[in-house]
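The values are calculated or read from the model by the stated rules, or taken from the named source; none is laboratory data. Remember, it's a predicted structure, so these values are computed and weren't measured experimentally. Glycine gets a Cβ as well: all are built from the backbone with ideal geometry, and neighbour counts include every protein chain shown.
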Amino acid sequence: MRKLRIPIFYLLITGTAFSGTRFEYEWIGFASPQSICESGRYLFISNLGSDDSETPDGYISMLTKQGQVIDKYWISDLTAPRGMNVINNRLYVADGGVIRGFNLRTRKEEFTLELPGTDTLYDIESLRDGASFAVSDAGTGLIYRVYFNGDYYSLVTDPIDGVRGLLYKSRNLYFCTSSSENGAPIGKIGYLRIKYSKRELIPYFLGEETGRFRGITVHGGAVFVSDQGTDEIPGRIFCFDINENTSYTIWDQSLNGPGDFLIDGDNLWIPTEGDGKIKYITEIH
């Protein structure tokens, strides 16, 4: 890994307190950030790049958890990088219709798999079996199981409209969706019960919440989801308690298109696509 560089973009930190003990910090200067993941004390952030660029200019940034920029363009010249995951010392990236795996030490691309008929791969999640990971495609509505040797198949027979974020825990593959009907967001959250002896799985949906959902994680026995909101409804991070079948908002202040986020202890790292920021919220409980 490279030594610390002088930050390439201006760092803005705001120390305004909310709800008593919560603080919000933000870093600016990213290009439509989509997703954030961690490896040890480092963070990786995927960026779609500029809308007006005639050539692919998506990139992956590398930061420390203290907000120091190691390399803004740690990986560059990507097509449309969205979801990421670190598995077996590789950073796997959903890049348009291609899955790419980069060696964390050398940054060499060691895995490349194009999934035919896809161009909006959204998230990558390890299935904890030492052999495969899951990939969601919003365009087809399919969730693929991809093996490290390049084999793959769909985990679902019927598409899940607008599927995006993925999170695996306790043999459940949780997912969230983003879709609309007559202009109103109707995205849902749900899960697949992973059975390795069975290929096609049935989705089960949770709760009554609807929205333009993007990222999902499970923390402390509850499901957390990012909702990108609409022109009338602000973006937010909310929590769904499975046991109580209730939900409540964790954070909804100045979230302009929150993406696939990260919970680090009791703190949140949130990329916001709409304004090119990375937000850090402390003490979410």
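Tabulated data for the structure shown
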{"quantity": "Tally of residues being over 20 Å from R105 (Cβ atoms) and either crowded, with 17+ Cβ neighbours inside 10 Å or among the hydrophobic types (A, V, I, L, M, F, W, C) (or both) across region 30-55", "calculated": "10"}
{"quantity": "Meets criteria (of a type in the set (F, W, Y) and within 16 Å of the chain's Cα centre (by Cα)) for Y59", "calculated": "yes"}
{"quantity": "T118 vs. criteria β-branched (V, I, T), in contact with a Gly (Cβ under 9 Å, 6 or more places away or on another chain), without any contact (Cβ under 8 Å) to a residue 40 or more places away in the chain and in a strand (DSSP E or B)", "calculated": "no"}
{"quantity": "Those residues of region 69-94 which are hydroxyl-bearing (S, T, Y), in a strand (DSSP E or B) and either under 17 Å from the mean Cα position of the chain (by Cα) or farther than 24 Å from A138 by Cα (or both), in sequence order", "calculated": "Y73, Y92"}
{"quantity": "Filtered residue count, region 201-250, keeping only those that are among the aliphatic types (A, V, I, L, M), over 24 Å from L155 (Cα atoms) and surrounded by fewer than 16 Cβ atoms within 10 Å (Cβ to Cβ)", "calculated": "1"}
{"quantity": "Residue within region 206-227 that is more than 29 Å from N47 (Cβ to Cβ), among the hydroxyl-bearing types (S, T, Y) and at pLDDT 95 or above present", "calculated": "no"}
{"quantity": "L43 vs. criteria farther than 20 Å from F148 by Cα, assigned to a strand (DSSP E or B) and hydrophobic (A, V, I, L, M, F, W, C)", "calculated": "yes"}
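Residue-wise test of (1) closer than 16 Å to R90 by Cα; (2) loosely packed, with under 14 Cβ neighbours inside 10 Å; (3) not small (G, A, S).
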{"residue": "R107", "(1), (2), (3)": "yes, no, yes"}
{"residue": "L115", "(1), (2), (3)": "no, no, yes"}
{"residue": "I124", "(1), (2), (3)": "yes, no, yes"}
{"residue": "S132", "(1), (2), (3)": "yes, no, no"}
{"residue": "Y144", "(1), (2), (3)": "no, no, yes"}
{"residue": "S154", "(1), (2), (3)": "no, no, no"}
{"residue": "P159", "(1), (2), (3)": "no, no, yes"}
{"residue": "Y191", "(1), (2), (3)": "no, no, yes"}
{"residue": "R199", "(1), (2), (3)": "no, yes, yes"}
